[in-house]
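This report refers to the structure that appears directly beneath it.
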Amino acid sequence: MQHWTIAREADGIATLVIDRTDAKANTLSAAVLDELNEALDVLDREPPKGLIIRSGKASGFIAGADIDEFGEVRDEAGAIAIVRRGWDTFERLAQVGYPTLALIRGFCLGGGLELALACRYRVVVDEPGTRLGLPEVMLGIVPGWGGIRRLPRLTGAPAALDLLLTGRTIDARRAKKLGIADECVPVRIMENTARGVLRALPSPRKLGLPLALSLNPLARRYIAAQAQKQVAKRARREHYPAPYAILELWTRYDGNALAAPASDPASIPSLLASPTAANLIRVFRLQERLKSLGKEDERKAAHVHVVGAGTMGGDIAAWCALRGLTVTLQDQDAKRLAPAMQRAGKLFADRLRDPRRVRDANDRLIPDVAGDGVARADVVIEAIFENVEAKRTLFAALERKAKPDAILASNTSSIPLEDIAGALADPTRLVGLHFFNPVARMMLVEVVVGERTRETLVPRAAAFVRQIDKLPLPVKSAPGFLVNRVLAPYLMAAMRAVDEGIAPETVDEAALAFGMPMGPIELADTVGLDICVEVGKMLGSDATPPRRLMELVAAGHLGRKTGRGFYAWTDGKAAKGAAGSVPAGLAERLIEPLITEAKAALAQSIVADADLVDAGAIFGTGFAPFRGGPLHYAGTA
Ligand code: COA
């Protein structure tokens, strides 16, 4: 066997180790599953007292089915073969005569978790890297290898449906709490614990009565109907059929995707034949591509210094501290720093929950009025107001104080990098790191390459972006870079439609029906109408700006932040009326300018190729992921 090894110990317990020889991450390709069957044959011939299944890779347990194999599916038979392969293997594993245990350290996703669920016991290692989940729904498919059946039996329906329908992952402690894991232990005792469980053979945990009832057929139908209502708020069936399919497979076929006839929209052949699955798999690949841009430089930053504690600077600093870096945040006085520190505290509490980890994150974020952190920082990020002279003066000073190999970065969105770089003794040291608002939610960071930016700085800056768990996209320094450039004409087209008398609600609905995550008018209000005007000016559009936009700005109604814009806002929510019926062709009219600009950006080599344009639009503007990106859409629509 190439990918699995069996080791037998004197106590009669055997260990089956997965270590794909041909890949960095363990995935369950056809070959790997075939070999698992071979391994089970070997074990059948001489059954062990117990079996531990674990990974031989430091990176994690198993990352699921091999996504590349989905791309090779050509027909119904091919789609069914993929499901059958895993379903049958895991059924077999679930029925072996000896006790089985999955020892899980690092990621355990999709088919990896389904394999673990087919074992009698699961031990998870309590480390930040341990993440369990069924992310199939994010790829437009469903967990077809037993996850839909087995997970609810362990956790009850509500928690299982939450994981199945959102694709989100959970950590080791949560897995224990939900009943997915039998034990959650530190790494040093993981082996002993696994053996201990196999020796003691505790009887499987039983669901309490209310959760057990959640699995009976009547309750199932009710719970699924409630869950479907929640799903409908986030994803329309015509755009994202997979979550609906999960609910149907669970209620009608107890999670057995093979039982659904191919003609059923919930069947795997139907899902794999839909453009949604192909496009979401494309989005996964685009994301991997962006990740790989951050892998070319191995250096890690330990300390980040951020200058400017406004919304962007403060939130960038908080994010970096959340991701484990030491951060000094500089502004003129403590009063200016206070709101940023407060927002950071809230972010840490929301994301980390555990009081000790929250305290550590708070400790990592250090207010620094004197700017002492500059001299120790590996990365210095400027996020002060958009004024070229102020930035030039600042960078000249930062350059003198900073370590010679520190990254010097500006978060400017509108000032050409070249104009700032001129103030540095070594202008090749300056790069742009353009974050988006809200920092905690937006995955993309544009790595802005100025005319004089040193070439080796780009992979380094990209590696830093990866280090803080964002996606780097290198872009040429030109007005609007990529994201604002493609977004602005779309927002303007939407505002022009309002000028023509179409209700903002109707305009937004047209975009939502196309698949955008938020309507353009609501987005403009969220971004700030003053910012929209500024971006419009920066992009040098000759067209007169939309009338209503200018009226609102003149009246001081800047959108969400002032409580009024195109919509009235209370508690961060827009008061929207009924959308009414959407005029034919409205969505196309809004999207068209975005596509035109995406093509122009490509022609001007703002990013390296068409896939990167699409990646930028999807991760930077939220362009309907199931459509695969604006250029992909333009080529296939
Ligand atoms: N199928 C095929 N390839 C996969 C894969 C999968 N399920 N999961 C990971 N890989 C590949 C990646 O493409 C990457 O390839 P590369 O080295 O050629 O770039 C490699 O494995 C390492 O993954 P990478 O993403 O760089 O490592 P990471 O530590 O940042 O993240 C994961 C690891 C597992 C969290 C992430 O890759 C992931 O989310 N994978 C998909 C999980 C999934 O959706 N599974 C369900 C499949 S149905």
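The values are calculated or read from the model by the stated rules, or taken from the named source; none is laboratory data. Computed from a prediction, not measured in an experiment: that's the story for all the values here. Reconstructed Cβ throughout: ideal geometry from the backbone, glycine too, with neighbour counts over all protein chains shown.
Residues in region 439-451 that are assigned to a strand (DSSP E or B) and out of contact with any Lys or Arg (no Cβ under 9 Å at 6 or more places or on another chain): how many? Number satisfying all stated conditions: 2.
Of the helices (runs of 4 or more DSSP H) that lie entirely inside region 452-530, those containing 2 or more residues that are buried (at least 23 other Cβ atoms within 10 Å of the Cβ) and among the small types (Gly, Ala, Ser) span 457-467, 504-514. Could you check, for region 551-573, whether at least one of its residues is closer than 13 Å to residue 495 by Cβ, part of a helix (DSSP H, G or I) and in contact (Cβ under 8 Å) with a residue 24 or more places away in the chain? For region 551-573, residues closer than 13 Å to residue 495 by Cβ, part of a helix (DSSP H, G or I) and in contact (Cβ under 8 Å) with a residue 24 or more places away in the chain: present. The residues of region 128-160 that are surrounded by fewer than 24 Cβ atoms within 10 Å (Cβ to Cβ), away from the ligand (no atom under 11 Å from the Cβ) and not in a helix (DSSP H, G or I), listed by number, are 128, 156. Picking from residues in region 13-36 that are within 13 Å of the ligand (Cβ to nearest atom) and assigned to a loop (DSSP other than H, G, I, E, B), the one that is surrounded by the most Cβ atoms within 10 Å (Cβ to Cβ) is 26.
Condition check: farther than 20 Å from residue 585 by Cα and modelled with pLDDT under 95. Does residue 553 satisfy that?
Numbers: farther than 20 Å from residue 585 by Cα: yes; modelled with pLDDT under 95: no.
So residue 553 fails the test.
Restricting attention to region 535-549, the residues being outside any loop (DSSP other than H, G, I, E, B) and either of a type in the set (Gly, Ala, Ser) or buried (at least 16 other Cβ atoms within 10 Å of the Cβ) (or both) number 5.
Helices (runs of 4 or more DSSP H) wholly in region 228-295 with at least 1 residues that are more than 16 Å from the ligand (Cβ to nearest atom), surrounded by fewer than 22 Cβ atoms within 10 Å (Cβ to Cβ) and β-branched (Val, Ile, Thr) - which ones? Where helices (runs of 4 or more DSSP H) fall fully within region 228-295 and carry at least 1 residues being more than 16 Å from the ligand (Cβ to nearest atom), surrounded by fewer than 22 Cβ atoms within 10 Å (Cβ to Cβ) and β-branched (Val, Ile, Thr), they are 242-253.
Counting only residues that are basic (Lys, Arg) and out of contact with any helix residue (DSSP H, G or I) (no Cβ under 7 Å at 6 or more places or on another chain), which one in region 229-244 is nearest to residue 141 (Cα to Cα)?
In the first step, residues of region 229-244 are kept if they are basic (Lys, Arg); the result is 229, 233-234, 236-237.
Checking which are out of contact with any helix residue (DSSP H, G or I) (no Cβ under 7 Å at 6 or more places or on another chain) leaves us with 229, 233-234, 236.
Details: 229: 19, 233: 19, 234: 17, 236: 15 Å.
Only one residue fits best here, namely 236.
Identification of helices (runs of 4 or more DSSP H) wholly contained in region 335-433 with 3 or more residues that are free of Cβ contacts under 8 Å to residues at least 24 places away in the same chain and under 29 Å from the mean Cα position of the chain (by Cα) yields 355-364.
Checked against (1) closer than 30 Å to residue 48 by Cβ; (2) without any contact (Cβ under 8 Å) to a residue 40 or more places away in the chain; (3) not in a helix (DSSP H, G or I), residue 207 passes all but condition (2). Close contacts from region 100-113, counting a first residue that is touching a residue at least 40 places away in the same chain (Cβ under 8 Å) and a second that is crowded, with 24+ Cβ neighbours inside 10 Å and among the acidic types (Asp, Glu), with Cβ to Cβ under 6 Å and a gap of 6+ residues or different chains, come to 110/136.
In this entry, residue 179 passes the filter for residues that are away from the ligand (no atom under 13 Å from the Cβ), more than 17 Å from the chain's Cα centre (by Cα) and free of Cβ contacts under 8 Å to residues at least 40 places away in the same chain.
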